[in-house]
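Coordinate-derived values only; no laboratory data. In this text the structure is predicted, and so the values were computed from the model without any measurement. As a convention, Cβ positions derive from the backbone with ideal geometry for all residues, glycine included, and neighbour counts pool all protein chains shown.
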Amino acid sequence: MGSLKNTFKRYEKKYMISESQYREIKKLLKDYAVADEFGSYTVCNLYFDTDSYEIIRRSIDKPVYKEKLRVRSYGIPSEEDMIYLELKKKYKKEVFKRRILLTVKEFEDYIYKGIKPNQSEQILSEIDYYIDLYKPYPRIFIACEREALKGKDNETLRITFDRNIRYREDSLSLLDGTEGSPIVDEGQYLMEIKAEGAMPIWLSHLINSMDIYPQSFSKYGYCYKHYLNATTA
């Protein structure tokens, strides 16, 4: 997945839908969207936080500005496979993402040994600042199965469907497989609409016809509130 962009900003809307709604939406989308170049794949994330989960607790409070650091792979990588270290920022409703592409070994050398990779100075300096400020480290692994679509007439429009969302608190390495405990019920899908500007009118009409509504949903935030908070309170 090395062709993905390293810097961008966009608006995101999320919807939690049932399997029957997913199948209906897929039918309605067939004239407007197609599978992107990657189609279906497994997304694996390690989210960084502090000992007291300061970062996710602040995010749950819905501040005007928030940011988080994660490392992401697509499938189970080897030490020499490329992964993304991402700094994701949100100001009001606009999302900004800055990320660098590096091998698992480069990532582990950087995070655990302080050996800086040969990467974009600007993005790396932002990540350095974040790490110096919060002193975070990998706290939780979250994975899902993703199906990704793009607009036929607008390739910057992306619609993704995530299912089998799962987490684990141990074995916090992307090399350790994708196993985990479920975060949401079986048959639930998280649909995300990602656009650089306003949602297309045709898509707005389609969503309205389904009688579904956007909601705030963070995989990490939901996992913290429902599975981690009781053990850290």
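Structure data summary
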{"quantity": "Sequence-distant residues sharing a close amide H with Asp81 (under 5 Å, placed H)", "calculated": "Val104"}
{"quantity": "Projected label distance in nm at Thr42 and Glu196, using a 7 Å step from Cα toward the beta-carbon", "calculated": "3.3"}
{"quantity": "Segment 31-99 and segment 112-143: distance between their alpha carbon centers, rounded to Å", "calculated": "13"}
{"quantity": "Net charge, Glu79 excluded, C-beta distance under 11 Å - Lys, Arg +1, Asp, Glu -1", "calculated": "-4"}
{"quantity": "Burial order of peptide ranges 47-53, 161-167 (average beta-carbon count within 10 Å, highest first)", "calculated": "161-167, 47-53"}
{"quantity": "Two-site FRET efficiency, Asp185 against Tyr129, from Cβ-Cβ distance with R₀ of 45 Å, rounded to 0.05", "calculated": "0.70"}
{"quantity": "For segment 149-231: rounded, prolate or oblate by the Cα gyration tensor [a/c cutoff 1.5]", "calculated": "prolate"}
{"quantity": "Spin-label zone in segment 182-208 - amide nitrogen under 13 Å from a point set 7 Å from the Cα of Glu19 along the C-beta vector", "calculated": "185-189"}
{"quantity": "Charge context of Gln188, other residues only, Cβ under 13 angstrom, K/R +1, D/E -1", "calculated": "-1"}
{"quantity": "Exceeding the 26 Å Cα-Cα cut-off - candidates Lys68/Lys105; Lys68/Lys152; Lys90/Lys135; Lys26/Lys89", "calculated": "Lys68/Lys152; Lys26/Lys89"}
{"quantity": "Computed [θ] at 222 nm, deg cm²/dmol, the chain (DSSP H ≥ 4; -39,500 (n - 2.57); rounded to nearest 500)", "calculated": "-7500 deg cm²/dmol"}
{"quantity": "Simple spin-label estimate for Ala35 and Asp109 in nanometres, 7 Å along Cα-Cβ", "calculated": "3.6"}
{"quantity": "Gyration tensor verdict on segment 7-232 (Cα atoms; rounded if a/c is under 1.5, prolate if a/b is larger than b/c, oblate otherwise)", "calculated": "prolate"}
{"quantity": "Unit charges on C-beta of K, R, D, E only; dipole of the chain, Debye", "calculated": "860"}
